[in-house]
1. Specify the residue that is modelled with the lowest pLDDT; the eligible residues are those in the stretch 265-287 that are part of a loop (DSSP other than H, G, I, E, B) and of a type in the set (D, E, K, R).
2. Going residue by residue through the stretch 148-167, is there one that turns out to be modelled with pLDDT of 95 or more and part of a strand (DSSP E or B)?
3. Just wondering, is there one or more residues in the stretch 90-104 that are at negative phi and either aromatic (F, W, Y) or not assigned by TED's automatic domain parsing to the domain that holds D161 (or both)?
4. Which number in (1) surrounded by fewer than 20 Cβ atoms within 10 Å (Cβ to Cβ); (2) of a type in the set (S, T, Y); (3) more than 22 Å from A243 (Cα to Cα); (4) in contact with a helix residue (DSSP H, G or I) (Cβ under 9 Å, 6 or more places away or on another chain) marks the one condition that Y196 misses?
5. Is there a residue in the stretch 44-51 that is in contact (Cβ under 8 Å) with a residue 24 or more places away in the chain, within 30 Å of L215 (Cβ to Cβ) and part of a strand (DSSP E or B)?
6. Quick one: in the stretch 245-264, of everything that is surrounded by 13 or more Cβ atoms within 10 Å (Cβ to Cβ) and outside any strand (DSSP E or B), which residue is nearest to the chain's Cα centre (by Cα)?
7. Limited to the stretch 122-147, what total is found for residues that are part of a helix (DSSP H, G or I) and of a type in the set (G, A, S)?
Amino acid sequence: MIHLRLTLELNYEVFEPGCDFIFNIHAAHTEQQCVLEEYLNLSQNIAPSVELNRETGSRIMRLHAGAGVLQVRYDATVQLRHHVASPAQIEEVAVAQLPADVLGFLYPSRYCQSDRLYKLAMREFGHLPTGYRRAKAIRDWVESRTTFAQNTSNSNTSAIDTLVATEGVCRDFAHLMIALCRASNIPARFTTGIDYGADPILGPTDFHAYVEAYLGGRWYIFDPSGTAIPMGFVRFGSGRDAADVAFATIFGPVRGSAPIITIQAISNNEGQLIIPYHCAEALSTDG
């Protein structure tokens, strides 16, 4: 089992009359992701409300901050016990057999206009054998045709925009893969968290967006940006697209700075230090 320790610090200057925040910065509770310990510290004397989404394991924190400096610091130690499977053994689930709570991830959403990509998806992937390997082919197609480049997109950039621009950051890669999966009748969702093992050339550790596709009755991890190690992803939240799982949604006058994030592998209870690595098997941290 992999043990990862992470720290996350967010700093804001809040102006009068104050500001409401919705944060998605707590490590999720899932079948294969266990939060061993965690600490939350706020610089203001306020009581946050943390609520659990039982379907996804995501936890949402709400608070109201007064004018002045607000620092939010979250520390956690997380244990990852991945479900591992052979890609060749994972089949797609027929639409008629999908669970009701999965159906919503087949439909178009704000940033993933799958209804506009049906012809492209059928041309590129409709002839491929169904199953995990078709989802993997979509992931590879997105990575091969899109260049990772900082400051090339914004909060309005959609899957269609990324397809045309052929560049973007991790959220843009994820939106495009999700849209193409849905256009191919594969449920797919947008997942956020922190990644271990990203190339330092990309800059300081940051939040990461990746894809989970529903195959064989389970949500499997895909990283279309190819910038990190999927085995080292700590999941925070999942939704239809980035609009559902922003790390911070702010209602009021505020000025913020870049998040300060660290993540490291640590020894487990048996004294073993297991470092996340790239593997050919399919990985899941959720049922």
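The values are calculated or read from the model by the stated rules, or taken from the named source; none is laboratory data. From a predicted model like this one, the values you see are computed outputs, not experimental measurements. Virtual Cβ from ideal backbone geometry, glycine too; neighbours counted across all protein chains shown.
1. First pass over the stretch 265-287, keeping only residues part of a loop (DSSP other than H, G, I, E, B): 267-281, 285, 287.
Checking the rest, the ones that are also of a type in the set (D, E, K, R) come to 270, 281.
On the way: E270: 83, E281: 97.
It comes out as E270.
2. Within the stretch 148-167 (the criterion being modelled with pLDDT of 95 or more and part of a strand (DSSP E or B)), the answer is yes, since at least one residue qualifies.
3. Looking through the stretch 90-104, none of the residues is at negative phi and either aromatic (F, W, Y) or not assigned by TED's automatic domain parsing to the domain that holds D161 (or both).
4. Here Y196 meets the rest and fails (1).
5. No, the conditions are met nowhere in the stretch 44-51.
6. V245
7. The first filter runs over the stretch 122-147 and keeps only residues part of a helix (DSSP H, G or I), leaving 122-125, 132-145.
From what is left, the residues that are of a type in the set (G, A, S) are 135, 137, 144.
Counting residues in the stretch 122-147 that are part of a helix (DSSP H, G or I) and of a type in the set (G, A, S) gives 3.
Condition check ((1) of a type in the set (V, I, T); (2) over 22 Å from L180 (Cβ atoms); (3) crowded, with 16+ Cβ neighbours inside 10 Å) across all residues:
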| residue | (1), (2), (3) |
| --- | --- |
| R54 | no, yes, no |
| D75 | no, yes, no |
| I90 | yes, no, yes |
| Y132 | no, no, yes |
